[in-house]
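This report refers to the structure that appears directly beneath it.
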Amino acid sequence: MKKHIMLLMLILGIGSIAHAQKTSFHTAAAKAPEAGSMFIFPERILLENGGFLNAERATMFVPLNRSEENSDVISLDVYRFKATEKADPNTPPIFYLFGGPRFGGLEEQLEVLGYFEQTWQFMTNVADVVVVSQRGIGPSKPTTLIENTRNAQPTDVAFNDEAAVKDYQALLTSERNVWENLGVDLKGFTVVEAAEDVNDVRKALGYDKITLWGGSFGSHWGMSLMRMHPEIIERAILRGLEGPDHTYDHPGHTWNVYKRMAEEAESSEELKGLIPEGGLIAAVETIVKRLNENPVTVELENPVTKKMQKVLFDGHTVKQLTRGYSGSLEAWPADIITMYNGDFTKAAQKIIRRWNDQGKTYKTASYFMLDCGSGITPERSAEHLADPATELIETAWGYRNGCPCWDSDLGNEFRQNFECEIPTVMVQGTWDRSTPYENALELAPYFKNLKFVHLKRGPHGAIKAALKELPEFKKAILKFAASGDDSDLEDNLELSPLKWVVPE
């Protein structure tokens with residue numbers, strides 16, 4: 001029996017310590033990759049109608065903090081979809097910059113049949129398409145994500161200031177300490193460093209110039225590169241504009257989106273006879289006033305713990321929900337009408353789901369460093385806090401209470417708008433709830449070679465929505481991407497009216 005046990009131990013590799021020391025395979029010391037180097041390997045994408053597309057995937061090595069002489073090296077995930085025969089080989093490649101910052105990579109999406117054809121193929125008829133990941137996020141290494149392992153569930157869930165801020169800051173401080181104890185230089189995770197990453201990828205792939213295509217944080221990221229290296233950018237296509245001082249969403253400008261939506265919803269056939277007296281905006285004001293004076297508690301079974309759980313709705317809590325709890329533009333009026341009529345059941349379910357999902361959706365250290373570094377100027381911060389809309393909605397709670405934990409700040413000089421001569425198309429939706437329409441209005445005068453497309457009813461994903469619904473827009477935006485000719489792009493476009501959800 002002993003012989004059999006010893007044999008099994010050897011097969012499984014459970015030898016004695018002394019034996020392991022003599023025959024260790026861990027004696028070689030691998031040389032760290034050099035910053036600026038890239039490892040490219042083939043990637044095959046299964047196509048919807050059969051067959052494969054040959055693409056390229058790469059690991060790009062860049063300095064963690066370029067201001068440090070002996071900086072550590074980190075890696076980025078890069079994809080390249082080569083141009084088709086329809087493309088002019090002289091057209092600069094499209095570098096696509098995702099928003100967030102929360103890009104989780106393309107690996108899972110590319111396994112879904114039809115994703116490549118719907119999302120990328122039309123661009124490859126213009127030029128090569130390159131996707132660069134965001135440092136410290138998703139497939140990039142290190143991925144600065146730590147799960148929030150909250151074990152205890154409280155009896156009451158509420159967004160009261162003191163308890164929520166204390167809990168939130170304790171989590172962020174704990175995460176920051178983990179990475180600093182591991183020796184990771186978090187100060188390297190800024191949008192300025194991320195912009196240099198794009199330039200390093202360009203050089204590694206051998207391109208002289210590029211076309212930028214980005215939205216939301218991707219537009220903020222792209223504008224950083226446009227300011228730092230205008231000589232490498234042939235043209236730019238931007239949507240969901242987030243300028244140098246737009247990381248913290250303006251409460252008044254964000255609330256203007258809902259005013260525009262309310263005006264149209266109130267005249268719709270679907271909601272006829274259901275709109276509260278005075279309209280939807282007045283209804284929101286009434287809900288907040290009621291709960292400030294008389295908070296409401298809803299008790300429900302938590303689907304995860306299977307225990308009864310109370311959700312407190314006071315004036316502060318409801319400000320998390322005045323932009324709706326269902327998640328869609330179409331359902332916002334129904335959410336407001338339902339709460340106005342005193343039913344907070346679905347709103348409570350939303351808050352409990354949010355609580356249960358905190359460990360799954362907890363943001364990375366890089367997310368905070370990137371956004372908190374971009375920050376906000378004192379003047380704009382004062383403007384935000386003085387805006388009457390702060391009584392109705394919450395737009396920057398996470399930044400105001402979380403950013404002090406990270407000590408990341410690029411300074412007010414970074415946050416100044418800059419003049420840009422690069423040919424640029426901005427596509428901005430008037431119903432963009434994440435980066436409001438007024439952002440683009442503020443930025444437009446600084447772009448001296450600009451085509452501004454105002455998209456009525458356009459959401460945050462304005463370009464995607466326009467591509468789906470407006471065939472002429474698709475031809476025109478691709479013509480600009482291929483040649484810089486924006487003459488076919490109209491200044492004012494609109495999407496079809498929404499079919500509003502009717503409250504139960």
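Since every read-out is calculated from the coordinates, none of them should be taken as a lab result. Only a predicted model underlies this, so the values are computations on that prediction, with no experimental measurement involved. When we count neighbours, we look across all protein chains shown, and the Cβ atoms used for this are built from the backbone with ideal geometry, even at glycine.
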Suppose the chain between residue 397 and residue 107 were pulled fully straight at 0.36 nm per residue; how much longer would it get relative to their current alpha carbon spacing?
101.1 nm
With just the Cα atoms defining each centre, how far is the range 293-311 from the range 439-494? Give it in Å.
45
Cα-Cα over 25 Å: which of 272/474; 203/474; 451/474?
272/474; 203/474
Residue order, fewest to most surrounding Cβ atoms within 10 angstrom, among 380, 354, 44, 202:
44, 354, 380, 202
Nonlocal amide H pairs with residue 297, under 5 Å, H built at 1.01 Å
313
Within a 10 angstrom radius of the beta carbon, how do 131, 453 rank from fewest other beta carbons to most?
131, 453
Extension gain, residue 446 back to residue 417 (0.36 nm per residue minus Cα-Cα distance, nm)
9.7 nm
Per residue of the range 195-203, in order, report the coupling 6.51 cos²θ - 1.76 cosθ + 1.60 (Karplus, θ = phi - 60°) as ³J(HN,Hα) in whole Hz, putting x for Gly and Pro.
5, 5, 4, 4, 5, 5, 5, 4, 5
Quick one, which of [x] 23.3; [y] 21.7; [z] 25.3 is the actual Kirkwood radius over Cα pairs in Å calculated for this model?
[z]
Residues whose built amide H sits under 5 Å from the amide H of residue 309, excluding neighbours closer than 5 in sequence, are 300, 301, 302
Straight-line reach from residue 166: which lysines have Cα under 28 Å away, leaving out those fewer than 8 places along the same chain?
187, 289, 306, 307, 310, 319, 346, 350, 360, 363
Per residue, how big is the convex hull of the range 215-338 when only Cα atoms are used? Give it in Å³.
170
Lone cysteines, the chain (no partner Cβ under 4.7 Å):
405, 420
Quick one: work out the % antiparallel among DSSP beta bridges in the chain, nearest 5.
50
Per-residue HN-Hα couplings for the range 333-346 [Karplus 6.51, -1.76, 1.60; θ = phi - 60°; Hz; x = Gly/Pro]
x, 5, 4, 5, 4, 4, 5, 4, 7, x, 9, 10, 4, 5
Hey, can you grab everything whose amide H is under 5 Å from the amide H of residue 233? Only 5+ residues off in sequence or another chain; H modelled, so Pro and N-termini drop out.
210
